[in-house]
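Below: one structure, written as structure tokens.
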Ligand code: MLT
């Protein structure tokens, strides 16, 4: 059984009542500190739960293995999604969080594992804001899970060379087909956090 000790992580308690908990999922090469400012911007005063990905790729932290850029080890992704889901449930217990109000927020590799949490562990998070992420299971069709009631914000760059925009649109379609309420926000740039997209995400978060 996974416990909170299984992942290096930061937990920042809420400073305002009634907010969600934001589960921060960093990109390749970053760590648990990286997205804390983003969490504070998107959901001021909310509790922040920020673990560190356990895969070491030439000294860079990641959430799951890849065979090369853009080609994922899907079996590893599935296994590590389950482990991360166990951590989130354990943290909800340890830190006395409302398990129905955990919202994932991920960038790049973190967005991809966040998408895997949605598709493989429905109900674990009530929503997700995913930036520069795509369809994580690649060639595989995800199971027909029920995501009604789950809200998702997808921020993507039409010129992203790492996560092609078609992958982000495929993820949006997979989530919608399973009943999720998806808001897509596309910008003209690449693999980055776009200021206008972030502003839209901030307003999206006020309803979480
Ligand atoms: C991934 O491997 O998840 C994506 O290609 C993004 C990246 O981390 O470079």
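Quick check, is residue 201 away from the ligand (no atom under 16 Å from the Cβ), touching a strand residue (DSSP E or B) at 6+ places or on another chain (Cβ under 7 Å), modelled with pLDDT of 95 or more and under 21 Å from residue 28 (Cβ atoms)?
Yes, satisfied.
Using the structure shown, decide if residue 56 is more than 11 Å from the ligand (Cβ to nearest atom), part of a loop (DSSP other than H, G, I, E, B), surrounded by fewer than 16 Cβ atoms within 10 Å (Cβ to Cβ) and more than 14 Å from the chain's Cα centre (by Cα).
no
Determine which member of the set 196, 138, 181 is surrounded by fewer than 16 Cβ atoms within 10 Å (Cβ to Cβ) and at pLDDT below 95.
Being surrounded by fewer than 16 Cβ atoms within 10 Å (Cβ to Cβ) and at pLDDT below 95 holds for just one of 196, 138, 181, which is 138.
I'd like the residue in the stretch 36-53 that is away from the ligand (no atom under 14 Å from the Cβ) and assigned to a loop (DSSP other than H, G, I, E, B) and, out of all such residues, is nearest to the chain's Cα centre (by Cα).
Here the residue is 52.
Can you pull out the residues in the stretch 22-35 that are under 24 Å from residue 162 (Cα atoms) and assigned to a strand (DSSP E or B)?
23, 24, 25
Pick out the one residue from 130, 117, 147 that is farther than 19 Å from residue 62 by Cα and buried (at least 18 other Cβ atoms within 10 Å of the Cβ).
147
Select from the stretch 79-108 the residues that are farther than 27 Å from residue 204 by Cβ and surrounded by fewer than 17 Cβ atoms within 10 Å (Cβ to Cβ) and list them in ascending order.
Scanning the stretch 79-108 gives 79, 82, 83, 93, 94.
Only one of these conditions is not met by residue 19: (1) modelled with pLDDT of 95 or more; (2) part of a loop (DSSP other than H, G, I, E, B). Which number is it?
(1)
Residues checked against (1) more than 16 Å from the ligand (Cβ to nearest atom); (2) without any contact (Cβ under 8 Å) to a residue 24 or more places away in the chain; (3) in a loop (DSSP other than H, G, I, E, B):
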site	(1), (2), (3)
147	yes, no, yes
152	yes, no, no
156	no, no, no
161	no, no, yes
167	no, no, no
171	no, no, no
174	yes, no, no
179	yes, no, yes
183	yes, no, no
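The values are calculated or read from the model by the stated rules, or taken from the named source; none is laboratory data. These figures come from a predicted structure and were not determined experimentally. Counting neighbours? That spans all protein chains shown, and the Cβs are built from the backbone with ideal geometry, glycine included.
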